[in-house]
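Just so it is clear, none of the values below were taken in a lab; they were calculated from the coordinates. The structure displayed is predicted, hence computed values, not measured ones. Counting neighbours? That spans all protein chains shown, and the Cβs are built from the backbone with ideal geometry, glycine included.
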Ligand SMILES: [Zn+2]
């Protein structure tokens with residue numbers, strides 16, 4: 001803690017809220033902005049804010065971002081619950097997904113996951129396909145949380161899901177029709193290290209919020 005500084009880019013005067021970085025800006029006088037940056041939430045406030053105003057606005061902006069997330073992805077909570085249910089039913093509840101989100105930038109894969117944080121991403125191209133196909137992709141990614149490679153052990157896990165072969169055929173057919181007949185085993189996913197940043201970037205733009213501050217620190221917009 002210390003006096004609010006008038007320098008650009010000085011961080012919070014308050015004890016940190018977990019995962020939130022507050023940046024004071026001298027140029028900023030009438031707006032507060034917030035956005036996601038990977039795991040962090042960055043809140044940009046006017047340099048002249050008092051600690052009380054800072055505390056108030058950080059709370060408010062974090063709530064706004066969370067509300068915006070829920071509006072944008074009303075069905076992602078349902079997807080996560082579905083994944084948890086599939087893990088219980090077919091994988092002895094061993095896979096514990098942390099999130100399931102739709103992504104639009106995944107043209108060559110139906111799904112991907114990051115075992116380190118147990119996050120799963122599904123291509124929006126799956127939207128509108130039969131539920132048992134979506135379930136297959138979820139079970140596939142859940143199994144990758146346990147076994148990252150397409151090993152024999154991996155496919156043995158997938159045998160628990162009764163429509164694995166049928167769903168793989170369905171997706172291979174979709175690939176064939178779309179002119180990707182050679183995708184073969186890669187009809188599902190290849191885990192790539194650069195996936196999470198790309199997804200995070202897409203979410204970054206989508207989750208920025210800016211509010212105009214009135215004279216008494218009230219939102220006017
Ligand atoms: Zn796979």
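Quick one: order 104, 59 by neighbouring beta-carbon count within 10 Å, fewest to most.
Details: 104 10, 59 13.
Arranged by neighbour count, lowest to highest, 104, 59 become 104, 59.
Provide 164, 149 in ascending order of the number of other Cβ atoms located within 10 Å of each residue's Cβ, fewest first. Please report the intermediate quantities before stating the final value.
Values: 164 20, 149 9.
In increasing order of surrounding Cβ atoms, one gets 149, 164.
To make sure I understand, if each residue's beta carbon is the centre and we count other beta carbons within 10 Å, what order do 50, 41 fall in, fewest to most? Don't skip to the end; give the middle numbers.
Values: 50 11, 41 21.
Listing 50, 41 from fewest to most nearby Cβ atoms yields 50, 41.
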